[in-house]
Amino acid sequence: MLSLIDLRARIAAGTLTPTGAIDLCRAAIAAREPALHALVTLDALPAIPEAGPLAGIAVGVKDIIDSASLPTQMGSSIYAGWHPRGDAAIVARLKQLGAVALAKTTTTAFASSDPTETVNPHDPGHTPGGSSAGSAAAVGAGMLPLALGTQTAGSVIRPASYCGCAAVKPSFRLIPTVGVKTYSWALDTVGLFAAGVADVAHALALITGRPEIEGAATGSAPRIGLVRQDFAEAPEPAAEAALNRARQAAERAGAQVTDLALPAELAEAWERHRIIQNYEGRLALAWEYDTQADALPPRVREHLEAGAAIGPAAYDDARRHAHRARRVLKGLLADYDAILTFSAPGPAPATLASTGDPRFNQLWTLMGVPCVNVPVPGERLPVGVQVIGRFGDDGCALAVAGMIEAALRR
């Protein structure tokens, strides 16, 4: 994989130019994209800034995120060829930092569940996950050093686990969603994919203007609660083995790891995540559903029809449960620096007809807390583990994730 920190170090040392760094991505794209199908469009003649902390860094932009230089087509024929007038806030920020929005990456239609043509970079017979399929696959394949995704249930952390790259779903609204196609305004969160935890921490610190995110430290003995989310059904053996390896690595690095059962309020909130998602999705995609229903793929229609059957009382009840669970989780995390849990039920399923199951992600998206995928080496198909932090303390979550990643590599 291409490390943005390594690329920037080489540029700073004068052994690589920003244009040369973009050319490395072009060469990797030429080699791998014909079989991977991770990109929707590629900018043939991008402006390449020579200055800025992300100069020379090519970024993949999930195709529900507006970009002025490339079409934004939402993974749907409804928006084929559609060109926004301007950039989404996150794209504009990346350009201010010197990055190049080199490509739009594939997304399931409207970031829902109907699969794309993208394949897993480690085995083309397996899904790359969704809905940020192209971003995860492009980074996992070494075509891009940084890519943008979004998560409404599990669409950043799960595909990162399947494709073997690091990723962060930050605290809710830490990255603005202005210019991102809305599915659920209470859940949608912009996230980042990169080669390693240090890379996503560096990018998040620059994007948000918060250097403390990258500079956070774990202390000599961070307190980690190991959570299996028993209410979400059992994972596959490979996911359980990855979690155990991560636990052992954390303990070798000096962490205090304690088994932690989540209170009932969090299980109750988990059960209601889809109520919020589907109810808001039906409202957010009202024009598409009301005027273009025949052009919607089957799983989008299914989710929107489910949303239409949900009344305001059930939606309000789900929001109350979520609010209560956030208070309980805040109290719980007062005794821990981070939670360690599954990123996905197992390796990427051997199918291209499904994007996988987000059941180990949806609670944390609903809670709005920072989540980091840490790849666990050792298997032919990648499996990751997930580090959860306190709301607003993304730096600590990334520091704990970086500690575990380094211990696993040793």
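Among the listed residues 107, 116, which satisfies the condition of being within 26 Å of residue 69 (Cα to Cα) and in contact with an Asp or Glu (Cβ under 6 Å, 6 or more places away or on another chain)?
Going through 107, 116 in turn, the sole match is 107.
Among 217, 221, 186, which is part of a loop (DSSP other than H, G, I, E, B) and without any contact (Cβ under 8 Å) to a residue 40 or more places away in the chain?
None of the other options fit; the residue is 221.
Here are the criteria: (1) crowded, with 16+ Cβ neighbours inside 10 Å; (2) under 27 Å from residue 236 (Cα atoms); (3) of a type in the set (Val, Ile, Thr). Tell me which single one residue 300 does not satisfy.
Going through the list (1) crowded, with 16+ Cβ neighbours inside 10 Å; (2) under 27 Å from residue 236 (Cα atoms); (3) of a type in the set (Val, Ile, Thr), residue 300 breaks only (2).
I'm checking my understanding of the structure. Among residues of the range 241-281 that are out of contact with any Gly (no Cβ under 9 Å at 6 or more places or on another chain) and acidic (Asp, Glu), which one is nearest to residue 338 (Cα to Cα)?
So the residue we want is 251.
Just give me the residues in the range 370-400 being over 15 Å from the mean Cα position of the chain (by Cα), buried (at least 24 other Cβ atoms within 10 Å of the Cβ) and part of a helix (DSSP H, G or I), in sequence order.
Across the range 370-400, the qualifying residues are 399, 400.
Checking the condition farther than 28 Å from residue 133 by Cα, in a helix (DSSP H, G or I), among the hydrophobic types (A, V, I, L, M, F, W, C) and modelled with pLDDT of 95 or more, which residue from 201, 241, 249 passes?
After ruling out the rest, the residue left standing is 249.
From (1) out of contact with any strand residue (DSSP E or B) (no Cβ under 7 Å at 6 or more places or on another chain); (2) of a type outside the set (Val, Ile, Thr); (3) over 16 Å from residue 168 (Cβ atoms); (4) surrounded by fewer than 19 Cβ atoms within 10 Å (Cβ to Cβ), pick out the condition that doesn't hold for residue 322.
(4)
Go through (1) outside any loop (DSSP other than H, G, I, E, B); (2) free of Cβ contacts under 8 Å to residues at least 60 places away in the same chain for residue 5 and report which single condition fails.
If we test residue 5 against (1) outside any loop (DSSP other than H, G, I, E, B); (2) free of Cβ contacts under 8 Å to residues at least 60 places away in the same chain, just (2) comes out false.
Say we look at the range 8-45 and pick out the residues that are of a type in the set (Asp, Glu) and in contact (Cβ under 8 Å) with a residue 24 or more places away in the chain; which of these is surrounded by the fewest Cβ atoms within 10 Å (Cβ to Cβ)?
43
Give me the residue from the range 325-359 that is in contact with a helix residue (DSSP H, G or I) (Cβ under 7 Å, 6 or more places away or on another chain) and of a type in the set (A, V, I, L, M, F, W, C) and, out of that set, surrounded by the fewest Cβ atoms within 10 Å (Cβ to Cβ).
If we take residues in the range 325-359 being in contact with a helix residue (DSSP H, G or I) (Cβ under 7 Å, 6 or more places away or on another chain) and of a type in the set (A, V, I, L, M, F, W, C), then 328 is surrounded by the fewest Cβ atoms within 10 Å (Cβ to Cβ).
Condition (residue is touching a Phe, Trp or Tyr at 6+ places or on another chain (Cβ under 7 Å), under 28 Å from residue 345 (Cα atoms), surrounded by 24 or more Cβ atoms within 10 Å (Cβ to Cβ) and not β-branched (Val, Ile, Thr)) applied to the range 124-132: is it met by at least one residue?
Yes, the range 124-132 contains at least one residue that is touching a Phe, Trp or Tyr at 6+ places or on another chain (Cβ under 7 Å), under 28 Å from residue 345 (Cα atoms), surrounded by 24 or more Cβ atoms within 10 Å (Cβ to Cβ) and not β-branched (Val, Ile, Thr).
Give me a count of the residues in the range 160-183 that are small (Gly, Ala, Ser), in a loop (DSSP other than H, G, I, E, B) and within 24 Å of residue 9 (Cα to Cα).
Counting residues in the range 160-183 that are small (Gly, Ala, Ser), in a loop (DSSP other than H, G, I, E, B) and within 24 Å of residue 9 (Cα to Cα) gives 1.
Kindly provide the set of residues from the range 292-326 that are among the basic types (Lys, Arg), touching a residue at least 60 places away in the same chain (Cβ under 8 Å) and more than 30 Å from residue 405 (Cβ to Cβ), ordered by number.
Residues satisfying the conditions are 299, 319.
The values are calculated or read from the model by the stated rules, or taken from the named source; none is laboratory data. These figures come from a predicted structure and were not determined experimentally. When we count neighbours, we look across all protein chains shown, and the Cβ atoms used for this are built from the backbone with ideal geometry, even at glycine.
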